[in-house]
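Undergrad: Following this message is one structure expressed as structure tokens.
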Amino acid sequence: MLNFLATEGASANAAERRSRVHEQDDYLLDAYSQTVTGVARRVSNAVVHLNVRKPQPQNRRQQNPRQPQEPFGTGSGFVISTDGFVVTNSHVVHGATAIEASLPDGRSFHARVVGDDPATDVAVVKIDGDNLATLAFGESDRLQVGQIAIAIGNPYGFQYSVTAGVVSALGRTLRSQNGRLIDDVIQTDAALNPGNSGGPLVDSFGNVIGVNTAVILPAQGLCFAVASNLAKFVVGKLILEGRVRRGYLGIAAQAVPLPAKWTQTLELPTKGGIQIQNVEADGPANHSGLQAGDIMVQFEGKPIDSIDALHKALDETTIGRRSNIWVLRDGSLKSLSVTPGELR
């Protein structure tokens, strides 16, 4: 009898413990749900649906002249100021002939492109409206892998969509539509629904930590967003100047590995460089004495081992300013001065 009571008491205690665990799990799940739903409510009114008209490519017109000449595309964006500046993706609005922006409250506006930057896939459009809800940029350099990330878009107008996950990785790079490499990209498992490109990726406080830009379907739906610190810089330039200025040299080049004997003998800080294949006749590189066959290994003291490394080095501060480069020519190092022009 005593054994039976002891066993019965142990079973009751185990059941009670299981009940407490289930209650705790329910509480944790509810807390997560409350965070996501609360952020969605606060943020959604500032998320815009963009209906974009673009010219049809010439080759498609020739194939079927009966097709509409200006097909529509869609995307999302988000309002960042009460006077109507909206951030979105460059690939959503680039080349647009007409843009209609719709808010969740039912209002629609004609929007115009203020500026777009294909190199980072960030663009700014402007709408004219009153009582606009706005979002603020957060500090993406404070992000931690594993923290909540919530992607919000407005793919159909009047009805926003929400996906939630975590920051999967930081500091990724992504190839933009014009071939340049976008630095400081956030990888997240918060899925991007169709039409959500250009919408905000926000943290648990509703601050924008990224601009949703791409999804790689073959890689189990990996999703990416341009980090807010980079986006904030680009947006500021687009609003003030309409574009982001970058330097250029006027060369065609490819990355090449350097023979070990060169890196050891010449004490080079890199194992690779970029070999110049062609020099534009009237470009900055030609005026500086750069020649086809030269291998560039340094620009202003920075190792140059890839085309992307050179793109990073050629920011707006280099435009019109004499810069020092080191090249390998005929087996020896040669120092040259070049004045980068402005990329148009």
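The values are calculated or read from the model by the stated rules, or taken from the named source; none is laboratory data. In this text the structure is predicted, and so the values were computed from the model without any measurement. With ideal geometry, Cβ positions are generated from the backbone for all residues, glycine too; neighbour counts draw on all protein chains shown.
Undergrad: Which residue out of SER204, SER168 is assigned to a strand (DSSP E or B) and surrounded by fewer than 20 Cβ atoms within 10 Å (Cβ to Cβ)? Outline the logic, then answer.
TA: Details: SER204 fails: assigned to a strand (DSSP E or B).
SER168 is the lone residue from the list that is assigned to a strand (DSSP E or B) and surrounded by fewer than 20 Cβ atoms within 10 Å (Cβ to Cβ).
Undergrad: So in the stretch 106-163, with the set limited to residues that are of a type in the set (Val, Ile, Thr) and part of a loop (DSSP other than H, G, I, E, B), which one is surrounded by the fewest Cβ atoms within 10 Å (Cβ to Cβ)? Even if it seems obvious, please write down each step before you answer.
TA: Start the filter on the stretch 106-163 by keeping residues that are of a type in the set (Val, Ile, Thr), which leaves 113-114, 120, 122, 124-125, 127, 134, 145, 148, 150, 152, 162-163.
Filter again for part of a loop (DSSP other than H, G, I, E, B), leaving 120, 127, 134, 145.
Values: THR120: 29, ILE127: 24, THR134: 15, VAL145: 11.
Once the filter is applied, the top-ranked residue is VAL145.
Undergrad: Applying the selection to the stretch 171-191, what residues are loosely packed, with under 14 Cβ neighbours inside 10 Å and charged (D, E, K, R)?
TA: Hit for the stretch 171-191 is ARG175, nothing else.
Undergrad: Take the stretch 171-192 and flag every residue that is assigned to a loop (DSSP other than H, G, I, E, B) and either β-branched (Val, Ile, Thr) or within 11 Å of the chain's Cα centre (by Cα) (or both). Working first, answer last.
TA: As a first pass, look at the stretch 171-192 and keep what is assigned to a loop (DSSP other than H, G, I, E, B): 176-180, 189-192.
Correct list: SER176 only.
Undergrad: Of the residues that sit in the stretch 68-94 and are at pLDDT 90 or above and part of a loop (DSSP other than H, G, I, E, B), which one is surrounded by the most Cβ atoms within 10 Å (Cβ to Cβ)?
TA: Applying the first criterion (at pLDDT 90 or above) to the stretch 68-94 yields 75-94.
Now narrow it down to the ones that are part of a loop (DSSP other than H, G, I, E, B): 80-84, 89, 94.
On the way: ILE80: 23, SER81: 14, THR82: 12, ASP83: 13, GLY84: 20, ASN89: 26, HIS94: 17.
Only one residue tops the list, namely ASN89.
Undergrad: Identify the single condition in (1) of a type in the set (Asp, Glu); (2) surrounded by 14 or more Cβ atoms within 10 Å (Cβ to Cβ); (3) under 27 Å from PRO118 (Cα atoms) that GLU241 does not satisfy, given that it satisfies every other one.
TA: The failed condition is (2).
Undergrad: Same structure, new question: Go through the stretch 99-110 and count every residue that is out of contact with any Leu (no Cβ under 7 Å at 6 or more places or on another chain) and under 13 Å from GLY77 (Cβ atoms).
TA: Looking only at the stretch 99-110, we keep the residues that are out of contact with any Leu (no Cβ under 7 Å at 6 or more places or on another chain), and these are 100, 102-110.
Of the ones still in play, those that are also under 13 Å from GLY77 (Cβ atoms) are 100, 102-104, 109.
The number of residues fulfilling the criteria is 5.
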